[in-house]
Each structure stands twice: as C-alpha cells, then as structure tokens.
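Have a look at the structure below before the remarks.
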Amino acid sequence: MAALILVLGDQLTHTLPAISDARKTVDTLLLAEVREEATYVNHHKKKIAFLFSAMRHFAAELKANNYTVSYIKYDDENNQGSLLEQVKLACAKGDFSEVRVTMPGEYRLLKSMQQWEHVLGCPVIFCQDNRFLSTPDEFSAWAEGRKQLRMEFFYRQMRRKHHVLMDGDNPQGGKWNYDAQNREPMPATQQVPKHTTFKTDKITDEVIRLVDDVFSDHFGHLDNFYFAVTRDDALGVLDIFLQERLPHFGKFQDAMVEGQPWLYHSHIAFYLNCGLLTAKEVIMAAEQAYCAGQVPLNSAEGFIRQILGWREYVRGYYWHFMPALKHDNYFNNSRTLPDFYWHGRTNMNCMRQCIKETKDNAYAHHIQRLMVLGNFSLLTELSPQEVQDWYLLVYADAYEWVELPNVAGMILYSDGGNLASKPYVASGSYINKMSNYCKNCGYQVSKKTGPKACPFNYLYWHFIDKHKEKLSNNPRMALIYKTYGRMKNENIDAMKQDAEIFLSKLTHNEEV
Ligand SMILES: Cc1cc2nc3c(=O)[nH]c(=O)nc-3n(C[C@H](O)[C@H](O)[C@H](O)COP(=O)(O)OP(=O)(O)OC[C@H]3O[C@@H](n4cnc5c(N)ncnc54)[C@H](O)[C@@H]3O)c2cc1C
Ligand code: SF4
C-alpha cells in the first residue's frame with residue numbers, strides 16, 4: 001500500500017530517510033505552502049519568499065528524479081490553509097495506508113502531529129531526522145546529573161565523538177577553544193569581500209509577487225532578494241565563504257561595522273536550517289580547509305564550534321527544556337516591545353543600524369543579535385514572550401528550536417542561568433570597542449548620566465543594582481559587583497534615575 005509522505009519547508013534534504021526510502025512510483029511526497037505556517041508569527045517577507053521558492057525548486061528536483069510529488073501552492077484552489085487539513089484532503093483523495101513525516105523541528109508541530117492519527121484514522125509514522133550530529137536523547141543523557149550545562153563541555157564531547165579537529169585524543173593545536181584570539185574590532189581599512197547574491201529566476205519572481213500581495217502587512221521588504229534557493233547555489237555560498245571569508249572569520253567574528261551587514265560571517269544558517277546544506281558537510285569542508293593550510297586554526301575552530309558546538313547544543317537544550325523554556329521569566333520582565341523594534345527610528349545608532357539591517361536583509365550577525373539587540377532587550381526588561389516572537393519572525397534562519405534557546409537562554413537569561421554562565425549584558429563601551437556605531441550616534445558613549453549619556457551605560461548599572469540579590473553570588477559577576485561596590489552612592493542613584501526616566505519613555509513609546 002502507498003504512503004503519503006509530508007515534507008515540511010525546513011526538510012528540503014534529498015538524503016532524509018523519509019525521502020530517500022520513498023518508492024518513487026508508489027508513494028506520494030506532499031509539499032504545501034500553508035497559511036498557518038506562514039502566519040503563526042508574521043514572518044519577514046523575505047523569509048517566506050525564500051522558503052516558498054526553495055520548496056518549489058526542491059519539488060521540481062524531486063519530480064525530475066521521478067518521485068511522485070503533490071505540490072500545493074499558496075494560491076492553489078485546493079489549498080486548505082493548514083498542514084493537517086492538507087493531509088486530510090490528500091488522504092481522502094488517495095489510497096494511502098499510512099502518513100509519514102520526518103520528526104518536525106518544533107515542539108508546537110510535534111505535539112499537533114502526535115494527535116493526527118486520531119483525526120486521520122491511519123497511522124502517522126515519524127521518521128528520523130538524520131541531519132544533526134547528535135540526538136535530543138544524547139543531549140539529555142549528557143545533561144543528566146550535571147549541575148551546569150556549559151556548551152564548552154558538550155562541544156568537546158562532540159569533537160571527540162566525530163573526531164573533528166583532533167590529533168589523536170587531543171585537540172588540534174593543544175587547545176579546545178581559541179576564542180581569546182577572536183575578538184578584534186575591524187580596522188577602517190579592511191576590505192570585506194562582496195556578499196554572495198543570486199539573480200532571481202521565474203519561480204522566485206512569481207513567489208516574490210505572491211508574498212508582496214498576500215503578506216503585505218508582514219515585517220521587512222522584498223527588495224534586493226539575495227538568497228540561494230537551490231542546494232547547488234547554497235553549496236556555491238559555502239564554497240565562496242571557505243575561500244574568501246573563513247580565513248578572517250575568527251579574528252573579526254565579534255566586530256560590527258556601520259553599513260556592513262555581512263562581514264566575514266558565512267551566511268549559511270538559512271540553508272542549514274531548511275536543509276539545503278547539512279551540518280556535517282559544512283564542518284568537514286571547514287576542517288579540510290584548515291588541514292590544507294588555507295585557514296588558520298582560530299578561524300576553523302571558531303567556525304566549527306558554532307555548528308558542532310552551539311547549533312547542536314541549542315537543539316538538545318530546546319528539546320530537553322520544552323515546553324517550560326518558552327515560559328521561563330527569571331527576572332519577571334514584562335515591558336512591551338517599543339515600536340522602534342519595527343520601524344527602527346531611534347537616536348541610538350547601534351539599535352538603528354541593527355534593526356535597519358534586520359529589516360532589509362532578514363539577517364543580522366551574531367554579535368548584533370546578542371550584544372546590541374539582545375543586550376538592549378534584557379537591560380530594558382522586555383517581555384520574554386514578545387522578544388521571542390520578534391526574533392522568530394524577523395530572521396530568515398529562525399525556527400523555534402534554534403531561536404528560543406538563544407533568546408530565552410542566551411540573551412534574556414530567562415532560564416536563570418541554565419544555558420549562560422552569566423547574563424550577556426554590557427555598557428556602551430563594549431559596543432564602542434567592537435563597532436564604529438558610536439561615532440554617528442545621538443548619544444555620547446563616554447557620558448554616564450544626563451540627557452546625552454549613552455543609554456546602555458546607565459541601563460547597565462541599573463540592571464546590576466536591581467538584580468544584585470539574584471546575581472552577586474555568581475562567581476563570573478564577582479568583578480562587576482566589586483566595581484559596583486566601589487561606586488559612590490550618588491553616582492549609582494543618578495544612573496538609576498536616568499534609567500527610570502528612559503524606561504518610562506520606552507513604556508510610553510516616546511522617542512529615545
Ligand atoms: C538572540 C539570538 C537569536 C538567534 N536566533 C537564531 C535563529 O533563529 N536561527 C539561527 O540559525 N541562529 C540563530 N542565532 C545564532 C546566530 O546568531 C546565527 O546562527 C548566525 O548569526 C547566522 O548567521 P551566519 O550563518 O552568517 O552565521 P556564522 O556567524 O557564520 O556562524 C556559522 C553557523 O554557526 C551556527 N551558529 C552560530 N551561532 C549559533 C548559535 N548561537 N546557535 C545556533 N547556531 C549557531 C549557525 O548555523 C551559523 O550559520 C541567534 C543568536 C542570538 C544571540
Ligand atoms: S553611544 Fe550608546 S547608544 Fe549610541 S551607538 Fe554607542 S552604544 Fe549605541
């Protein structure tokens with residue numbers, strides 16, 4: 001009997017068992033562009049266009065490989081608007097003995113799909129997602145009984161298990177982590193390679209028109225659509241990254257430059273997360289570049305750590321702590337997102353630049369997400385739920401399994417420090433050291449108080465003061481609380497007062 005195999009928009013990988021085991025003339029692969037998935041948060045227009053176009057190209061490849069494919073476009077008259085209804089219709093029309101689907105990446109979908117069997121009246125089989133280098137069970141086994149879940153130790157286990165950058169039982173070069181070499185700001189004279197972009201084809205043009213028409217109220221715009229939408233083109237992005245960017249990736253990993261969104265980052269999370277590239281091939285390619293002497297160890301290790309370490313770790317973390325992770329709120333923050341998170345009009349140049357680039361490209365690099373936007377979100381006590389939704393909808397690489405641990409665990413410390421050993425908060429001097437944003441700002445980074453003072457400065461000390469009970473025993477905060485202890489009360493009071501005025505302006509959506 002035939003199987004109906006549902007392929008989700010982030011499962012565009014030919015080697016997934018659900019696809020490679022399909023009997024080409026017997027089973028049917030179903031792909032559908034449904035309203036429910038495109039709007040459970042109002043995703044960035046470029047994100048929807050990228051995924052719909054990648055899905056259409058993938059379906060065309062499957063057909064060319066003689067698979068039986070049913071593809072439901074967004075404006076198809078048979079489009080049912082949700083995955084379940086679409087599967088129901090396919091089952092009613094066809095003679096299927098079972099429905100198969102690769103394990104979804106999101107808790108929300110898994111919980112829903114686990115109920116489908118009752119509605120459909122036929123078995124729903126979950127197939128393995130073999131695109132990760134660890135499983136959620138492996139993470140849980142590692143986490144069992146540990147007091148602290150530091151990524152660094154999970155990463156070392158992954159290096160050993162997959163024998164990546166190893167010299168026998170030891171790490172290449174003698175150290176596991178070369179982060180100390182990876183914190184340089186960008187010199188003004190540095191020539192950054194051109195961003196890799198692709199011309200749109202007929203399929204993408206049609207999708208862009210559709211998204212423009214149907215999702216006009218969503219965040220962002222569709223101008224300068226730059227994505228690879230096929231595996232071949234995504235491999236091209238990886239190739240150029242390895243040659244042009246990876247050699248400097250480590251050194252400038254934390255740098256931020258006004259008007260330069262792309263820098264030496266790889267820009268492949270979109271492709272990894274929807275399946276056009278696999279983590280294993282990317283890691284192997286970077287290791288090979290190091291072995292061939294094309295890139296220094298600090299760059300290769302720094303890059304591989306992001307994928308073999310952080311990416312695998314956050315996925316394990318997500319499944320281990322869901323659903324509680326979504327509701328954690330260690331600092332009891334509840335302020336509504338200020339309007340400028342949507343339009344980007346603010347006198348703070350760092351925030352203005354990062355929001356503008358996010359809006360333009362559905363992309364911002366890690367330090368922008370972490371030390372500007374994330375830092376600000378925690379210092380201004382924004383509601384974790386609202387910040388989570390924002391990050392999930394603005395970035396083209398965002399899926400809850402990877403977005404949520406980064407937002408709840410890394411930037412907001414909502415989990416009380418399970419993921420991060422201390423809150424990622426910093427005053428304006430960090431942003432000034434790692435970027436050139438402060439030069440064009442309406443505020444002065446050197447000022448601690450007063451109307452022209454950089455808001456990150458007083459907000460930082462307000463945060464340190466407000467949460468001393470929760471944080472001062474943290475050994476990694478000891479130095480900060482020592483400095484705080486030496487500060488004059490009148491200085492602390494002045495900063496607290498400025499912070500309260502600023503926070504009140506945010507609450508009332510006044511210009512800041
Ligand atoms: C608040 C916040 C939200 C984030 N949301 C997402 C998200 O929704 N989707 C997403 O893929 N990444 C997310 N990240 C991680 C990281 O910022 C992006 O993966 C990265 O910026 C993507 O750009 P890139 O491909 O150029 O990455 P590079 O800087 O070139 O890094 C290489 C790869 O490493 C992986 N990686 C790096 N850091 C992380 C991390 N912290 N967690 C997981 N994988 C990582 C990504 O796959 C990335 O493509 C988030 C980080 C923060 C701080
Ligand atoms: S002065 Fe402060 S607000 Fe302005 S860019 Fe620098 S860090 Fe940002």
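Residue-wise test of (1) open to solvent by 40 Å² or more (accessible area, probe 1.4 Å); (2) in contact with a helix residue (DSSP H, G or I) (Cβ under 6 Å, 6 or more places away or on another chain).
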{"residue": "Leu31", "(1), (2)": "no, yes"}
{"residue": "Glu36", "(1), (2)": "yes, no"}
{"residue": "Asn65", "(1), (2)": "yes, no"}
{"residue": "Thr68", "(1), (2)": "yes, no"}
{"residue": "Val87", "(1), (2)": "no, no"}
{"residue": "Asp95", "(1), (2)": "yes, no"}
Name, by its number, the condition in (1) open to solvent by 10 Å² or more (accessible area, probe 1.4 Å); (2) within 20 Å of Val124 (Cβ to Cβ) that does not hold for Asn42.
(2)
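Yes or no, residue by residue, for (1) open to solvent by 60 Å² or more (accessible area, probe 1.4 Å); (2) outside the structural domain of Lys280 (by TED's automatic domain parsing); (3) in a helix (DSSP H, G or I):
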position: Arg108; (1), (2), (3): yes, yes, yes
position: Ser112; (1), (2), (3): no, yes, yes
position: Trp142; (1), (2), (3): no, no, yes
position: Leu149; (1), (2), (3): no, no, no
position: Glu152; (1), (2), (3): no, no, yes
position: Arg156; (1), (2), (3): yes, no, yes
position: Lys161; (1), (2), (3): yes, no, yes
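Output the helices (runs of 4 or more DSSP H) that fall wholly within the stretch 335-442 and possess 1 or more residues being open to solvent by 20 Å² or more (accessible area, probe 1.4 Å), or say none. Give the steps one after another, and end with the answer.
On the way: elements: 340-343, 349-361, 375-379, 384-394, 400-404, 428-434.
Counting at least 1 such residues, we get 340-343, 349-361, 384-394, 400-404, 428-434.
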Of all residues in the stretch 444-473, which are open to solvent by 10 Å² or more (accessible area, probe 1.4 Å), within 9 Å of ligand 2 (Cβ to nearest atom) and either touching a Lys or Arg at 6+ places or on another chain (Cβ under 6 Å) or assigned to a helix (DSSP H, G or I) (or both)?
Gln444
Give me the pairs, please: first residue somewhere in the stretch 343-355 and more than 9 Å from ligand 2 (Cβ to nearest atom), second residue anywhere and open to solvent by 20 Å² or more (accessible area, probe 1.4 Å), beta-carbon distance under 7 Å, and either six or more positions apart or on two chains.
Gly344/Arg352; Gly344/Lys356; Gly344/Lys359
Every residue in the stretch 303-342 that is more than 16 Å from ligand 2 (Cβ to nearest atom), closer than 28 Å to Lys452 by Cα and hydroxyl-bearing (Ser, Thr, Tyr), please.
Ser334, Thr336
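Which is without any contact (Cβ under 8 Å) to a residue 60 or more places away in the chain, away from ligand 2 (no atom under 16 Å from the Cβ) and closer than 26 Å to Lys175 by Cβ, of Ala228, Ala286, Ala300, Ala234? Spell out the reasoning first.
Values: Ala228 fails: closer than 26 Å to Lys175 by Cβ; Ala300 fails: without any contact (Cβ under 8 Å) to a residue 60 or more places away in the chain; Ala234 fails: closer than 26 Å to Lys175 by Cβ.
Among Ala228, Ala286, Ala300, Ala234, only Ala286 is without any contact (Cβ under 8 Å) to a residue 60 or more places away in the chain, away from ligand 2 (no atom under 16 Å from the Cβ) and closer than 26 Å to Lys175 by Cβ.
The values are calculated or read from the model by the stated rules, or taken from the named source; none is laboratory data. Remember, predicted model here, so these are calculated numbers, not experimental data. Note that each Cβ is placed from the backbone with ideal geometry, even for glycine, and that neighbours are counted across all protein chains shown. For accessibility, only protein heavy atoms count, side chains too; no ligands or nucleic acids. Shrake-Rupley method; radii C 1.70, N 1.55, O 1.52, S 1.80 Å.
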